[in-house]
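Novice: Below you will find the structure I want to go over with you.
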Amino acid sequence: MLLSGVEERTPEDVRKVIKTAKLHESELTEITQILRFPDASQRNNNLRLMLLDNNILKDIEEGNPIVFKGDPDENVVLCTDDKTYDVKEAETSNSFLLVPNLLFAASTGLDETIANNSMEDSDSSFERSNTSLNKSNDSDDKPPRKIVNKDIVNTFFTYYELKPCKPRLSKLSKILESTAFQGLELEYKIDKSKLLDYNAILDKVQSSRIELSEELTNIQAIEVDGHYRLLEFDYEFRVLSYMLDLIEENSWPLDRVSKEVTLESLKDLAPMCVLEAMFGFYTLESAEEMGVQYYKYKEDKVCRFLARVLLRSAGRFNLFEFMQAWSDSVPEGMTTNESLLSGIALVDKNVTPQVVWGFSENELPEDINERFRILFHTKPKWTVDEISPYIQSYATEKLNVNALLTKHARASTQDGVRVFSAKHMN
């Protein structure tokens, strides 16, 4: 039985409460727990309640790391080894009392009491109530009650609610940009104090370890002397050009590229860690002959990068001339296609001559509202396929690209094709 109070309670005080509540003392255990609220000065205000899902609970039980992350200007997240959770404060409908070592049914003997009572013949509810009330006047027939005092550590009216979310990775490229690798000859320009190893990056980025490792691969960060570095664009182009030139120099079929020969041939032109990483970024295993593993270049990836090289010049290009120059820039046997420009360039076929210009997704604002504003300012109407590469990163399991467009854009039909435009015209 639980009571609350500040003053000491006696067994007689407890029996009076039992009688007032019209309870049957025979159905109660002999232990009464008195909950005592602490003085305001003794409350532990450093404690918080958090609602866990089974995955987080399992991680805690197994001793796996659980980390809260966030700078003062960021909304906090909780990260396990492989997942990121958004943390929100929620109110409770009732207050929660935190009481250490509170005794529950089995500890107080309630199970035994219930079992014993179930073996006795039961009177009617009315008769039992009268019997209980009459007997309550005679304390000699009652077994002594044991009073146990329990201190309430704190009272909670809110708790932290956790919801799985995408890792917040936009900061990653920003913190690595200032130390982009441009070649050994330009390392003197780099502020060494800004170089970051893996653990330093993990501390700064709101992401789990596994999610961060995946993103470091996605943005092609390379570990150089223990620090993760992006490759400066012109330097990446230079090294890739060295690699692609070996195809013609060695008369290799596109699916018979030798990793060993590539690394050996270029070891004096770039650090080995850069060569190995670049080879991994741009090739796939193709065939194995007589114990030798051969590779082939990722055709779409190579073509897209070389398109970005051409598009870096300011202004718009004649589409026909651009497609010709692009085709000439890739290794013989590789095929360029306008669809490969998705997410890195825009094409306007409503003008004469048709034009193309660079428009990269990763250069748009992070704020989704500002991103949509710029998208519709740049191009008033978009098809789903055209706009998807620029908003796909905001999609979740519950909010796909179509749902994002429904929320942030207005749909219409143009020449039988569904298009999207700004929801609110300026």
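A quick yes/no check of all residues on (1) farther than 28 Å from residue 233 by Cβ; (2) open to solvent by 30 Å² or more (accessible area, probe 1.4 Å); (3) free of Cβ contacts under 8 Å to residues at least 40 places away in the same chain:
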residue	(1), (2), (3)
354	no, yes, yes
390	no, no, no
396	yes, yes, no
424	yes, yes, yes
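Novice: Would you say residue 143 is open to solvent by 30 Å² or more (accessible area, probe 1.4 Å), at pLDDT below 95, part of a strand (DSSP E or B) and out of contact with any helix residue (DSSP H, G or I) (no Cβ under 8 Å at 6 or more places or on another chain)?
Specialist: Working: open to solvent by 30 Å² or more (accessible area, probe 1.4 Å): yes; at pLDDT below 95: yes; part of a strand (DSSP E or B): no; out of contact with any helix residue (DSSP H, G or I) (no Cβ under 8 Å at 6 or more places or on another chain): yes.
No.
Novice: If you don't mind, another one. Step by step: first the residues of region 176-191, then only those that are in contact with a strand residue (DSSP E or B) (Cβ under 9 Å, 6 or more places away or on another chain) and assigned to a helix (DSSP H, G or I), then the one that is most open to solvent (accessible area, probe 1.4 Å). Which residue is that?
Specialist: 187
Novice: For the structure I just gave you, tell me whether residue 211 is under 29 Å from residue 172 (Cα atoms), of a type in the set (D, E, K, R), surrounded by 17 or more Cβ atoms within 10 Å (Cβ to Cβ) and out of contact with any strand residue (DSSP E or B) (no Cβ under 7 Å at 6 or more places or on another chain).
Specialist: Details: under 29 Å from residue 172 (Cα atoms): yes; of a type in the set (D, E, K, R): yes; surrounded by 17 or more Cβ atoms within 10 Å (Cβ to Cβ): yes; out of contact with any strand residue (DSSP E or B) (no Cβ under 7 Å at 6 or more places or on another chain): no.
So residue 211 does not fit the description; no.
Novice: With respect to residue 172, determine if the residue is of a type in the set (A, V, I, L, M), assigned to a helix (DSSP H, G or I) and open to solvent by 40 Å² or more (accessible area, probe 1.4 Å). Don't jump to the end; show me each part of the working.
Specialist: Values: of a type in the set (A, V, I, L, M): yes; assigned to a helix (DSSP H, G or I): yes; open to solvent by 40 Å² or more (accessible area, probe 1.4 Å): no.
No: the conditions fail for residue 172.
Novice: Give region 192-207 a look and list any residue that's charged (D, E, K, R) and either surrounded by 13 or more Cβ atoms within 10 Å (Cβ to Cβ) or in contact with a Gly (Cβ under 9 Å, 6 or more places away or on another chain) (or both), or say none.
Specialist: Looking only at region 192-207, we keep the residues that are charged (D, E, K, R), and these are 192, 194, 197, 203-204.
Result: 197, 204.
Novice: Within region 263-301, how many residues are under 31 Å from the mean Cα position of the chain (by Cα) and of a type in the set (Gly, Ala, Ser)?
Specialist: So the answer is 2.
Novice: When you go through (1) at pLDDT 90 or above; (2) out of contact with any Asp or Glu (no Cβ under 6 Å at 6 or more places or on another chain) one by one for residue 80, which number turns out not to apply?
Specialist: In the conditions (1) at pLDDT 90 or above; (2) out of contact with any Asp or Glu (no Cβ under 6 Å at 6 or more places or on another chain), residue 80 misses (2) alone.
Novice: Then there's this: Inspect region 398-409 for any residue being open to solvent by 60 Å² or more (accessible area, probe 1.4 Å) and farther than 20 Å from residue 422 by Cβ and give the result as yes or no.
Specialist: yes
Novice: Could you list all residues from region 288-300 that are open to solvent by less than 70 Å² (accessible area, probe 1.4 Å) and under 30 Å from residue 339 (Cβ atoms)? Show your work before the answer.
Specialist: From region 288-300, those open to solvent by less than 70 Å² (accessible area, probe 1.4 Å) are 291-295, 297-299; that's our starting set.
Those that are open to solvent by less than 70 Å² (accessible area, probe 1.4 Å) and under 30 Å from residue 339 (Cβ atoms): 294, 295, 297, 298, 299.
Novice: So, one more: Return yes or no: is residue 56 open to solvent by 80 Å² or more (accessible area, probe 1.4 Å) and either outside any loop (DSSP other than H, G, I, E, B) or of a type in the set (Ser, Thr, Tyr) (or both)? Give the derivation first.
Specialist: On the way: open to solvent by 80 Å² or more (accessible area, probe 1.4 Å): no; either outside any loop (DSSP other than H, G, I, E, B) or of a type in the set (Ser, Thr, Tyr) (or both): yes.
In short, no.
Novice: Of all residues in region 11-69 being closer than 22 Å to residue 156 by Cβ and β-branched (Val, Ile, Thr), which is modelled with the lowest pLDDT?
Specialist: Per the stated criteria, the residue is 34.
Novice: A further question follows. Which condition from (1) of a type in the set (S, T, N, Q); (2) surrounded by fewer than 16 Cβ atoms within 10 Å (Cβ to Cβ); (3) within 30 Å of residue 95 (Cα to Cα) is the one that residue 154 breaks?
Specialist: Every listed condition holds for residue 154 apart from (2).
Novice: Looking only at region 70-88, which residues are acidic (Asp, Glu) and either farther than 25 Å from residue 155 by Cα or open to solvent by 80 Å² or more (accessible area, probe 1.4 Å) (or both)? Write out each step before concluding.
Specialist: Of the residues in region 70-88, the ones acidic (Asp, Glu) are 71, 73-74, 81-82, 86.
Listed by number, the residues that qualify are 71, 73, 74, 81, 82.
Novice: Would it be correct to say that residue 129 is surrounded by 15 or more Cβ atoms within 10 Å (Cβ to Cβ), within 30 Å of residue 31 (Cβ to Cβ) and either modelled with pLDDT under 85 or aromatic (Phe, Trp, Tyr) (or both)?
Specialist: Details: surrounded by 15 or more Cβ atoms within 10 Å (Cβ to Cβ): no; within 30 Å of residue 31 (Cβ to Cβ): yes; either modelled with pLDDT under 85 or aromatic (Phe, Trp, Tyr) (or both): yes.
No, not satisfied.
Novice: Could you tell me how many of the residues in region 89-102 are open to solvent by less than 40 Å² (accessible area, probe 1.4 Å) and either closer than 13 Å to residue 37 by Cα or more than 31 Å from the chain's Cα centre (by Cα) (or both)?
Specialist: Step one: filter region 89-102 for residues open to solvent by less than 40 Å² (accessible area, probe 1.4 Å), giving 90, 92, 99.
In the following step, the residues that additionally are either closer than 13 Å to residue 37 by Cα or more than 31 Å from the chain's Cα centre (by Cα) (or both) were identified as 99.
Number of matching residues: 1.
Novice: Of the conditions (1) of a type outside the set (Phe, Trp, Tyr); (2) modelled with pLDDT of 75 or more; (3) open to solvent by less than 60 Å² (accessible area, probe 1.4 Å), residue 124 clears all except one; give me its number.
Specialist: Every condition holds for residue 124 apart from (2).
Novice: Kindly list the number of the only condition in (1) hydrophobic (A, V, I, L, M, F, W, C); (2) within 24 Å of residue 248 (Cβ to Cβ); (3) surrounded by 13 or more Cβ atoms within 10 Å (Cβ to Cβ) that fails for residue 346.
Specialist: It fails just one condition, (2).
Novice: What is the one condition in (1) open to solvent by less than 30 Å² (accessible area, probe 1.4 Å); (2) assigned to a strand (DSSP E or B) that residue 228 does not satisfy?
Specialist: Just one mismatch for residue 228, condition (1).
Novice: Okay, moving on. Restricting region 59-69 to residues that are open to solvent by 60 Å² or more (accessible area, probe 1.4 Å) and part of a strand (DSSP E or B), which is farthest from residue 209 (Cα to Cα)?
Specialist: Only one residue fits best here, namely 68.
The values are calculated or read from the model by the stated rules, or taken from the named source; none is laboratory data. Predicted model only: the values in this text are computed from it and were never measured. Positions of Cβ are generated from backbone atoms using ideal geometry, with glycine treated the same way; all protein chains shown enter the neighbour counts. Please note that ligands, DNA and RNA were not included when accessible areas were found on the heavy atoms of the full protein model with its side chains. Shrake-Rupley method; radii C 1.70, N 1.55, O 1.52, S 1.80 Å.
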